[in-house]
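Below is one structure, written out as structure tokens, with a few remarks after it.
What follows draws every value from the coordinates through simple rules; no lab data is involved. These figures come from a predicted structure and were not determined experimentally. Cβ: placed from backbone, ideal geometry, glycine included. Neighbour counts: every protein chain shown.
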Amino acid sequence: MKRRRIILHIDMDYFFAQIEERENPQFKGKPVVVGADPKGGEGRGVVSTANYKARKYGIHSALPISKAYELCPEAIFLPVNVELYEKVFENIMNIIKKYSPKWEIVSLDEAYLDLSFLKSYQNAEDLAKKLKKEIFEKEKLTSTVGIGPNKLIAKMAAKKAKPDGLLIIKPNQVKNFLELLDIEDLPGIGPKTGVRIRQSLSLASPQIRSREFRGPRISSEHYLAAPVRIKDLKRLSKRELIELLGVVGERIYERARGIDEQELTSEEIIKSVGKEYTFERDTRDPEIIFKAFEKIIKDVHYELTSNRFSFKTITVICRFTGFETHTKSKTLKKSTSDLEVLKKESKKLLLKFLIENPKLIRLIGLRVKIC
Ligand code: TTP
Ligand code: MG
Ligand code: MG
């Protein structure tokens, strides 16, 4: 029988802007935008985040700052003070970590906790309330919590419950919860993928086809803008989704059904040896990055061999500017303690990060699971 898990996701509300409001009570009740300098509408760069008041004007993360200025010139525009936000998040993480031995930081304002040990959703709800309360009392900041049988559902529940919310989706509620949501609510479906799915569904839909056939004609813009629910997405078979989207198609197929077996990464870290290095300044300089990585590899290998451990799974951790953290792992065919193998495989993983993500790097790390 499958293990029943209970996973909690916590995400701070309008994080950067909420901290600014806390530090500057005179901003309360006004639209606040944190990001690049708008320079009277001529500014380049984007919005990092905006408080909920500013969001009413259509301002959101990643919007060009000039557009934000156009939408609400009277908003309070503030520069990004990452150092302050990181300090605050560190305090919050120290609170979150106390609630479960299995936790995972995802980015600068969110984390997962594995609460399976609590055995019931009622216990998890009680814990979530305490957690939210402790963060609010100590840091004067609101957060939103989602709880579900896996990371996917917990995260989606938190997103739906924002701001200052708590939403619990038990296993028997997953199907209904998901089916009514828009396809773009499913992690992995961005605007581009959304359009491709819409196109594909409209071709597959006899209803739309026959309407088009008899007229009045439905323009492609019309059906591309119409809301499509996850319930509709489930009409596409796994094969159709893979044909349409490549390998991610399979993951989308599973997610639409609430399936997500991903563990929290800290669980992997339990029986492992590892080292991390934070750069003095976020960097993309390959010389600096690989020099630090060589040292990490040597340190990890030294710790392994001095304990006579061997390893089979190698994980490379990369934290980019803004605390966005990713891991990549490779499991070898058989266990080894060979330094050359460790070097070769871990460097390959690190290289993948450099190729895939152009952001500056804040921290790199290496962990091997011992056996
Ligand atoms: P989010 O949690 O995505 O957003 P948020 O906390 O501002 O708002 P919400 O209440 O919807 O959770 O991101 C956390 C912080 O990361 C956000 O406050 C600013 C930063 N950020 C950026 O700098 N750029 C971006 O594009 C996004 C999405 C976030
Ligand atoms: Mg947030
Ligand atoms: Mg977040």
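Numerical summary
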quantity	calculated
Cross-link pairs 67/155; 67/160; 87/119; 160/359; 129/231; 132/162 - those with Cα-Cα distance over 22 Å	67/155; 67/160; 87/119; 160/359; 129/231
Distance in nm between pseudo-label sites at residue 237 and residue 60 (7 Å out along the Cβ direction from Cα)	3.5
Fully extended contour minus Cα-Cα distance, from residue 130 to residue 283, at 0.36 nm per residue	51.2 nm
Nearest-0.05 FRET efficiency for residue 324 and residue 298, computed from C-beta distance (R0 25 Å)	0.40
Amide H contacts of residue 102 (H built 1.01 Å from N, under 5 Å, at least 5 apart or other chain)	114
Amide H within-cut-off set for residue 166, under 5 Å, with H built and near neighbours excluded	145
Ranked by how many other beta carbons lie within 10 Å on average, peptides 65-74, 171-180 from highest	65-74, 171-180
Distance between modelled label sites at residue 93 and residue 337, nm, 7 Å Cα→Cβ extension	3.2
Taking only Cα atoms of the chain, radius of gyration then Dmax in Å	23.1, 77
Peptides ranked, highest mean first, by Cβ atoms within 10 Å: ranges 149-162, 240-253, 322-335	149-162, 240-253, 322-335
Rg and Dmax [Cα atoms of region 1-172; Å; Rg one decimal, Dmax integer]	17.5, 61
Extended-chain gain in nm, criterion 0.36 nm per residue less alpha-carbon gap, residue 84 and residue 123	10.7 nm
Computed E for residue 356/residue 74 - FRET, C-beta separation, R0 41 angstrom, nearest 0.05	0.55
